[in-house]
């Protein structure tokens with residue numbers, strides 16, 4: 001009696017594996033920071049207007065305090081759990097980031113690991129943390145003014161600090177925009193992969209559904 005062959009189930013590529021769910025403190029810090037940054041950008045713009053300056057300033061300072069507390073809490077959690085090791089760039093991160101860029105542009109396909117941060121993510125997340133720190137530092141200098149004279153002098157004076165503060169915020173907003181685009185792309189890929197294919201059996205369809213969970217993640 002011949003043994004019946006089992007249907008072949010395609011193996012998930014590393015880039016298609018379902019990503020692990022982030023810890024609750026990380027998710028809270030992620031969304032709190034994102035909303036606070038958008039609020040800071042809005043109120044910061046209104047501060048430069050004559051009619052809304054006084055109304056926008058207290059909201060701006062409150063959001064700034066919220067993001068500072070969130071940042072300190074996230075930093076403490078990252079250091080305590082050792083999560084920082086998965087975020088900081090490694091020796092090969094730059095080369096890996098180039099492969100990710102070619103992959104995203106559709107120039108050359110590479111297997112992108114989903115169980116950890118790739119080189120592009122490590123560089124991007126570390127950069128945005130540094131940018132956020134610079135935004136807080138310049139904000140403190142602007143808030144305290146003459147009371148923080150050494151810091152103001154170190155950063156180049158009030159006029160220069162204003163330019164630095166705005167420039168850093170624009171860079172952070174650019175990061176958020178790219179991040180949102182990546183999330184949308186991952187969601188579209190998930191929808192395409194979740195479409196049933198009549199030419200394959202149910203086991204393979206299940207595998208394809210599992211493969212559609214994208215890789216757009218946050219630190």
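FYI, it's all coordinate maths here, none of it is from the lab. The model shown is predicted, which means the values in this text are computed figures rather than measured ones. Don't worry about glycine lacking a Cβ; one is built from the backbone with ideal geometry, like all the others, and counts go over all protein chains shown.
Separation of the range 55-79 and the range 119-169, taken as the distance between their Cα centroids, equals 14 angstrom. FRET efficiency for residue 153 and residue 49, Cβ-Cβ distance as r, R0 = 25 Å, nearest 0.05? That gives a FRET efficiency of 0.30. Taking a ≥ b ≥ c as the square roots of the eigenvalues of the Cα gyration tensor, the range 119-174 is classed as prolate, since a/c reaches at least 1.5 and a/b is larger than b/c. Legend: ranking of residues 138, 42 from fewest to most surrounding C-beta atoms inside 10 Å; resulting order 42, 138. Please grab the % of Cα pairs in the range 59-188 that end up more than 23 Å from each other. Roughly 46 percent, rounded to a whole number. Peptides 47-54, 98-105, 128-135, ordered by how many other C-beta atoms sit within 10 Å of their residues on average, highest first, read 128-135, 98-105, 47-54. Here the gap between residue 22 and residue 69, fully extended at 0.36 nm per residue and compared with their Cα-Cα distance, gives a gain of 14.9 nm. Across the range 128-161, the residues whose backbone nitrogen lies under 16 Å from the label position 7 Å along the beta-carbon direction of residue 79 are 130, 133.
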